[in-house]
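Reviewing the structure listed below.
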Amino acid sequence: MTNTRLAALGSEDPPLLSLTRRLLALAESGLPSMLLDGGEGFAFTMAGREAPDSTWTLQRRGTSVRYAAITVLGARFLPEDRQRAVLGGRTAQEFAGLLIESLPTVTNLGDAALIAWAAADTAHPKLSDALARVDALDEAGRPQYTVEAAWVLSALAAAREAADVEDRLIAARDRLLRARAGNGPLFPHATGPGLVPWYRAHVSCFADQTYPLQALARLHASGHGGDPEALAAAEACAARICALQGDGGQWWWHYDARTGGVVEGYPVYSVHQHAMAPTALLDLTDAGGSDFGAAVRKGLRWMTEVPELAQHPEPLILDELGVTWRKVYRGDPKKAVRAARGLGTRVAPGLRLKTLDRVFRPVSVDRECRPYEFGWMLHAWQGGRI
């Protein structure tokens with residue numbers, strides 16, 4: 001089957017097609033090293049350390065059910081033999097089964113939702129168990145973090161043809177749509193008050209935009225009659241973040257959900273550039289939304305043309321290690337710039353405090369890599385079949 005997303009990329013920008021194929025190969029080569037001993041889970045991160053002779057070593061740290069589920073969501077688009085190479089000898093469906101078996105110990109709604117989404121997308125026979133765990137953790141009327149609420153909606157949309165989820169689907173849809181401030185296009189960090197301190201309740205992140213717009217687009221695509229209101233909300237959010245995209249293709253990190261402006265741009269995360277923005281915006285287009293391909297390509301190009309590092313060149317893609325370094329950031333102590341701008345914009349929307357840009361320049365590189373970065377990359381560029 002022709003991969004329409006890669007074909008379209010090759011038609012528009014052949015060098016970017018070569019870059020994307022390079023990144024996809026890197027994802028498949030890098031993910032096996034992120035497996036935990038025994039191959040039944042994935043590390044939280046791979047941290048890079050440079051030796052005095054300028055060689056690098058990687059160390060697995062922690063474990064993440066969430067990242068394992070996202071990896072399954074991406075790996076399931078690979079041929080079976082390559083699924084097994086990435087997932088420790090298991091297919092995506094088999095690995096989803098491991099995650100379903102772990103559900104009694106899963107207490108985070110987002111983790112459970114991702115497992116249910118993976119179960120639905122791999123047609124796992126125990127999908128009902130995964131949906132039941134989501135239902136048990138998603139207390140009616142209780143505010144949730146927007147990202148996790150979006151994953152619930154994506155999971156239910158994916159399960160729609162295999163299970164009776166319509167009532168829960170409608171509730172999850174309405175929760176996301178109601179969460180927006182007024183008629184603004186951006187989503188807040190939580191679907192209701194109580195989870196975020198008052199002084200930063202207006203600050204939302206890039207993930208708070210991409211996952212809801214993706215979920216609403218997938219909802220529209222999943223129904224026989226579609227959902228024009230959901231599609232319009234996804235379209236408005238996508239149009240706004242694309243309008244705010246940096247001159248160098250940067251997808252900015254923190255927004256003012258009230259005004260639709262940027263609070264603080266940095267860090268710029270590699271996963272946003274090569275995976276999260278593409279998978280959300282391309283899913284939207286596939287669902288019948290506008291073509292945001294130009295913004296996707298502009299963001300992808302940042303991976304090798306990083307303006308922040310022009311004076312301090314350092315590659316973000318390390319093929320020999322099987323990683324992409326995680327982000328470019330300011331190096332400010334305790335995220336001081338974000339805190340100052342968050343508080344400042346609470347009082348005076350649009351306040352920039354430009355002196356901070358001169359004091360804390362974004363020239364630091366976070367040398368770690370996480371499995372979900374590659375899971376979403378595979379989902380973005382090997383998918384396209386919603």
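The values are calculated or read from the model by the stated rules, or taken from the named source; none is laboratory data. These numbers were taken from a predicted model, which means no experiment stands behind them. Positions of Cβ are backbone-derived with ideal geometry, glycine not excepted, and every protein chain shown enters the neighbour counts. Calculation scope for accessible area: heavy atoms of the full protein, side chains included, ligands and nucleic acids excluded. Shrake-Rupley method; radii C 1.70, N 1.55, O 1.52, S 1.80 Å.
Could you list, in sequence order, all residues of region 81-96 that are under 21 Å from S128 (Cα atoms), open to solvent by 10 Å² or more (accessible area, probe 1.4 Å) and assigned to a helix (DSSP H, G or I)?
Going residue by residue through region 81-96, those that are under 21 Å from S128 (Cα atoms) are 91-96.
Next, from what is left, pick out any that are open to solvent by 10 Å² or more (accessible area, probe 1.4 Å): 91, 93-94.
Answer for region 81-96, where residues must be under 21 Å from S128 (Cα atoms), open to solvent by 10 Å² or more (accessible area, probe 1.4 Å) and assigned to a helix (DSSP H, G or I): Q93, E94.
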Hits in region 56-80 (condition: open to solvent by less than 70 Å² (accessible area, probe 1.4 Å) and either of a type in the set (S, T, N, Q) or at pLDDT below 95 (or both))
W56, S64, T71
So, first residue under 14 Å from H272 (Cβ atoms) in region 360-376, second residue part of a strand (DSSP E or B) and of a type in the set (K, R), Cβ within less than 8 Å, six or more apart or across chains; the pairs are D366/K327
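Kindly indicate which of L73, L98, L17, L109 is farther than 30 Å from P143 by Cβ and touching a residue at least 40 places away in the same chain (Cβ under 8 Å). Quick ask: steps written out before the conclusion?
Values: L73 fails: farther than 30 Å from P143 by Cβ; L17 fails: touching a residue at least 40 places away in the same chain (Cβ under 8 Å); L109 fails: farther than 30 Å from P143 by Cβ.
It is L98.
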State all residues of region 33-55 that are buried (at least 16 other Cβ atoms within 10 Å of the Cβ) and among the polar types (S, T, N, Q); if no residue qualifies, say none.
T45
Scanning region 127-170 residue by residue, those of a type in the set (D, E, K, R) and closer than 18 Å to L195 by Cα turn out to be D138, E139, R142, E148
Please pick out the residue among A132, A140, A150, A136 that is hydrophobic (A, V, I, L, M, F, W, C) and not in a helix (DSSP H, G or I).
A140
From the list A348, A310, A340, which residue is modelled with pLDDT under 95, surrounded by fewer than 20 Cβ atoms within 10 Å (Cβ to Cβ) and touching a helix residue (DSSP H, G or I) at 6+ places or on another chain (Cβ under 8 Å)?
A340
